[in-house]
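Read the figures in this text as sums done on the coordinates, not as results from a lab. Fair warning: this is a prediction, and the values are worked out from it, not measured in the lab. Reconstructed Cβ throughout: ideal geometry from the backbone, glycine too, with neighbour counts over all protein chains shown.
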Amino acid sequence: MTPASPSLSNPNISSPVIAIDGPSASGKGTVAALVAQSLGFHYLDSGAIYRVTAYAAQSAGVALEDETALAALARALKLHFDGGEVFLDGHPVGDAIRCEEAGRSASRIAALPALRLALLERQRAFRAAPGLVTDGRDMGSVVFPDAALKIFLTASAEERAQRRYKQLIGKGLDANLANLLRDLKERDARDAARSAAPLQQTADAVLLDTTSLNIQQAVQQVLDWWQLKVAQSSIV
C-alpha cells in the first residue's frame, strides 16, 4: 500500500499538533502514543477523557442522558495523565475505563453537544511545546483545526474486531468475536451519525488504512509524513 502524500499546513508554529482521528479499535491510540514518544512530543488520548467522564458520572449516580449534569461534572473533573496512566481525584482509573462497557458509555455521552463544549478547552490545554500528538474522532476537525498534520487512521471492521478480540484474550478476559464486530459496527454508525462533531475524514486529512499494516509500519508512515512536511517547510 502506498498512501498519497498529505497536503499539510506549516508545522513551524508554536507547539505543532499531529491529529490522528479514526474509528474505535483502529489502533490510532497506540500509533499516536508511539509517534509522540519518537518525536519527544506530548500525547493526548482524547477518548480517555470521555471514558473518565462516563466513569465519574456512573460513580456519582449521574444519568448518562442528563446533558446538563454531565457538562457540569466534566468541568469539575480532577483529571490528569502521568506515565501513560489516567488519574481521577488522584487515583488511577486506567483499568476501569478500558473495558468494553466504558467504551460504549463514552460513545453515548460523546454525542451530547454541551458535554463536548465543556471538554473542548480542557483538551486544547494539552497543547504545549515542543508539540502534541493527539488521537480521537474530532481532533483535526474541531479541537485542533490548525493541526500541522491530520490523519484519518482506519481499518476494516473485521480486522478491528480481531485486534480487540486478541487484546482482550491476551488480558485474560472473556470475549466473543461476533459480539465485538457487532458492537464496533454499531459504534461506527453512532459516531458517524451524531450531530455534534461526527466521525469523518476531513478534506485536509490523509487516509491511513492499517488493515494490512502492523503497528511499526503505521508509526513509520506517520513519521515519514511528518518529516516530509518539516523538510518541505524548511525549503519554503
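Taking LYS171 as the residue in question, decide whether it is within 18 Å of the chain's Cα centre (by Cα) and charged (D, E, K, R). Taking the combined requirement at face value, the residue does not satisfy it.
Looking at the structure I just gave you, is THR210 polar (S, T, N, Q) and either closer than 30 Å to ILE169 by Cα or surrounded by fewer than 13 Cβ atoms within 10 Å (Cβ to Cβ) (or both)?
Details: polar (S, T, N, Q): yes; either closer than 30 Å to ILE169 by Cα or surrounded by fewer than 13 Cβ atoms within 10 Å (Cβ to Cβ) (or both): yes.
Yes; evaluated as a whole, the condition is true for this residue.
Screening the stretch 7-103 for strands (runs of 3 or more DSSP E) wholly inside it with 3 or more residues that are within 30 Å of GLN227 (Cβ to Cβ) and in contact with a Leu (Cβ under 7 Å, 6 or more places away or on another chain) returns the ranges 17-21.
Would you be able to tell me the number of residues in the stretch 88-120 that are more than 28 Å from LEU180 (Cβ to Cβ) and among the hydrophobic types (A, V, I, L, M, F, W, C)? Selection size over the stretch 88-120: 4.
Counting only residues that are polar (S, T, N, Q) and over 19 Å from the mean Cα position of the chain (by Cα), which one in the stretch 218-234 is surrounded by the fewest Cβ atoms within 10 Å (Cβ to Cβ)? Ranking the candidates gives SER234 first.
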